[in-house]
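I have placed the structure first, in the form of structure tokens, so that the comments after it can refer back to it.
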Amino acid sequence: MGVRGLQGFVARVCPDVCKTVDLREMAEKHRVNHPDFPPVIVVDAMSCVRYWYTPEFWVCGGQWREYLAILEDFINVFMAAGIKLVFYFDGVVEDKKREEWIKRRWNNTKEITRLFQFIKTHRKQPGREMFVLPSALPTFTRYALKSLGQETVCTLQEADFEVAAYGLQHNCIGILGQDSDYLIYNTCPYFSIENLRLDRLVTVMYSREELCHALGISLTHLPLFACLLGNDVVPESLLEGFWHKCLVTSPHKNTSYNRRTKILLAVAHYISKIPCSCSSLKCLEDMLPLRSDKTLLYRGLKSYLLPGQQSPWIPSNVTDFQVLPLQQQSAICQDKEIFQLAKEQHIQSENYSVFNILSNGVIECSNSLEDDCDTEIPGQSLIYRPARQHIYSVLLEPGKGGAYPLVKEWVVYFGNPLKQPELIQPVQPSVPGGTPNLKTLWLAKGPDVEKQRYSTFLACFHLQDEMEELQALEAPVAGFCCLLTYLMMQVSSLSLEDLNAFVALILCLKGKSAAQLAGLQLAEVDSRAVHLGAVLVRGLTTLLMANSACGFPFKMDDLMPWAVFDGKLFQEKYQQSHRGCSVEELLEGNESLYTPFQNLKSFICKVCMAKKRMIQSRPRGNGFNTGREQRDFNPRFQQPRRSHFVSPYHNQMRGFVQRNPQSQGGRPCGGLGHPDRRRFHLPPR
């Protein structure tokens, strides 16, 4: 979070703090001074993703292949300059940040509500001023960088602390990010991602020394300055009285600065008169209304102490800051070998959420681009909860009496006040032969174990009986098919048109380059397709979690969005499907895709029927002025073939007009009753 207002204060009031630097020159100086150590920049990736995501479209679920290409270009520029990058990602939300995390989730919810109102009114994406990160962007950025060969670290505690510590310990030429806490830590130089000009490798470096000079304090004062302005440890609400006292005696009280700027200057003036000692800190603690916790200031100061550093504010006998992260002190998982392996995979960005569950039984899921006004589609957190419950059961062992430990879920969905975590009961999946333990899934070898991993993974999505058919598919298609089948079973409002759009997406995406996808033009944007795109992308993170828990029956790369999803392409397929385009048009005239299209639909429909889920045609029309002209159809797309599936919904669709007369067009799938149109033609039974 950093210190509120400090970054803007520096830019407006202390311009000398902001120095333009050439990163190539700094790297060259480093090589001269340290010939045995290559220049390294440690990157606070969480504060950079907003600046990395520059594809034109962002509302449709993510332009993932474009984004991957952008990340690759970013890395290549630094590599060409001989600079190594090390990327750090937040791996945990610490308790001290929970209140701030909740506040941000509420703010994001308001932003997303306004976004959907705009899309529904204007049928287009708004400008960048309303930009919201595509769902799960930080998560997939982590795996994208890893797939591009970069050193990627997922933290065990607060990311800014680990970034600052790494920069100091490895003599990095700097930290790249956008977080004012890096002005407070006594570590390597802090570079701005916001001001980075990648073509020239020039950016702004924020000077701590110049900041102290402008404020009239020393480097030693900076951690106290941050605490007395309010940070992750010391809440601002406790400091109003103290600020008022500082403002009364401040030489800047009558200036034209805004109130926050006056407070920053007044606090700096006040503490510049205080001796740097433990007794001074004790006096401050007694003066502030710190409720029952008189150690807040002490803990706030200690949070800025990096390993090996000392502070005059803190007694020397406690300055060696080597506190083990909470996960190691009170882990739910008591198997040391399993716990250690999960921890290593977590740090190296190889698994997803597993370590958080095994260590303290907590998971988080922030906002997605979901339309809270659409009551037909449940919140994605609720859609995937049954799958998560099975994953929890795979990971956690029951205690005495057979009861599983409960998992605390901090997940965002409409109606969840986020006042406390929801306590979720693990539920055993129906794995043939019983659920294997983690030692078997993670450590054992051999074809039988590989089969167990795959069947356990499928059981988390209620697909354990479909193993043979899914294994026959290419891995990315199989993973996507698992997710889509699960979605169709869980969300009763999803229609045959939605299914057609998703299946056409996965088939047409193959072989398309980032440049081709970037060139795809959308006349308009459909808000429901935006919602469904976000739901599907969030589902991919559930696949990652299940894959991690089950010992990686899939390669993680096969479950990434750039392998199976593109937001604009899905918008196109969704709109085509709901306005009744032919299969030929849906599949872009590619005859070779017709049989796979029908076969994938057949598989999903068959599984859903077995679960008593009837997928009905429900064209929503569009209101899009497309002026679509009649086409000459390729007969290949029209002729029934034995290799094509026989629609299990033939009879169901025949009666659809009576069951849903209000649907636009009122036609069942396959053009039944309208032989001249033959939309989504299906072979007769």
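In the stretch 14-36, which residue that is in a helix (DSSP H, G or I), out of contact with any helix residue (DSSP H, G or I) (no Cβ under 6 Å at 6 or more places or on another chain) and of a type in the set (A, V, I, L, M) is most open to solvent (accessible area, probe 1.4 Å)? For the stretch 14-36, the residue satisfying everything is Val32. Looking only at residues in the stretch 440-474 that are farther than 21 Å from Gly539 by Cα and touching a Ser or Thr at 6+ places or on another chain (Cβ under 8 Å), the one that is surrounded by the fewest Cβ atoms within 10 Å (Cβ to Cβ) is Val449.
Yes/no matrix, rows are residues, columns are (1) open to solvent by 20 Å² or more (accessible area, probe 1.4 Å); (2) charged (D, E, K, R); (3) assigned to a helix (DSSP H, G or I); (4) in contact (Cβ under 8 Å) with a residue 40 or more places away in the chain:
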residue: Glu194; (1), (2), (3), (4): yes, yes, no, yes
residue: Arg200; (1), (2), (3), (4): yes, yes, no, yes
residue: Met205; (1), (2), (3), (4): yes, no, no, yes
residue: Glu209; (1), (2), (3), (4): yes, yes, yes, no
residue: Leu222; (1), (2), (3), (4): no, no, yes, yes
residue: Phe225; (1), (2), (3), (4): no, no, yes, yes
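Taking every residue in the stretch 425-439 that is open to solvent by 50 Å² or more (accessible area, probe 1.4 Å) and pairing it with any residue that is part of a loop (DSSP other than H, G, I, E, B), at least 6 positions away or on another chain, the pairs with Cβ-Cβ distances below 7 Å are Gln425/Tyr404; Gln425/Leu406; Gln428/Thr435. Please go through the stretch 227-247 and pick out each residue that is assigned to a loop (DSSP other than H, G, I, E, B), under 33 Å from the mean Cα position of the chain (by Cα) and of a type outside the set (Val, Ile, Thr). Residues satisfying the conditions are Gly230, Asn231, Asp232, Pro235. Among the numbered conditions (1) crowded, with 16+ Cβ neighbours inside 10 Å; (2) assigned to a helix (DSSP H, G or I), the only one that Arg104 does not meet is (1).
Modelled with pLDDT of 95 or more, in contact with a Phe, Trp or Tyr (Cβ under 7 Å, 6 or more places away or on another chain) and open to solvent by less than 10 Å² (accessible area, probe 1.4 Å), is that true of Leu115? No. Considering the stretch 45-60, the residues that are outside any helix (DSSP H, G or I) and open to solvent by less than 10 Å² (accessible area, probe 1.4 Å) include one that is nearest to Cys154 (Cα to Cα), namely Cys48. Restricting Glu72, Glu99 to those that are within 18 Å of Leu196 (Cα to Cα), acidic (Asp, Glu), out of contact with any helix residue (DSSP H, G or I) (no Cβ under 6 Å at 6 or more places or on another chain) and part of a helix (DSSP H, G or I) reduces the list to Glu72.
Taken over the stretch 404-417, the criterion of being open to solvent by less than 10 Å² (accessible area, probe 1.4 Å) and out of contact with any Asp or Glu (no Cβ under 8 Å at 6 or more places or on another chain) is satisfied by Val407 alone. Looking only at residues of the stretch 567-620 that are open to solvent by less than 20 Å² (accessible area, probe 1.4 Å) and of a type in the set (Gly, Ala, Ser), we find that the one that is nearest to Val59 (Cα to Cα) is Gly567. In the stretch 33-54, the residues that are closer than 21 Å to Tyr143 by Cβ form Cβ pairs under 8 Å with partners that are basic (Lys, Arg), at six or more places apart or across chains, as follows: Ile41/Lys84; Ala45/Arg142. Applying the condition of being modelled with pLDDT of 95 or more and not aliphatic (A, V, I, L, M) to the stretch 390-403 and asking which residue is surrounded by the fewest Cβ atoms within 10 Å (Cβ to Cβ) yields Ser393.
The values are calculated or read from the model by the stated rules, or taken from the named source; none is laboratory data. Note that the coordinates shown come from a computational prediction; the quantities given were computed from them, not determined experimentally. Glycine also receives a Cβ, built like all others from the backbone with ideal geometry; neighbour counts cover every protein chain displayed. Accessible surface areas use protein heavy atoms only, side chains included; no ligands, DNA or RNA. Shrake-Rupley method; radii C 1.70, N 1.55, O 1.52, S 1.80 Å.
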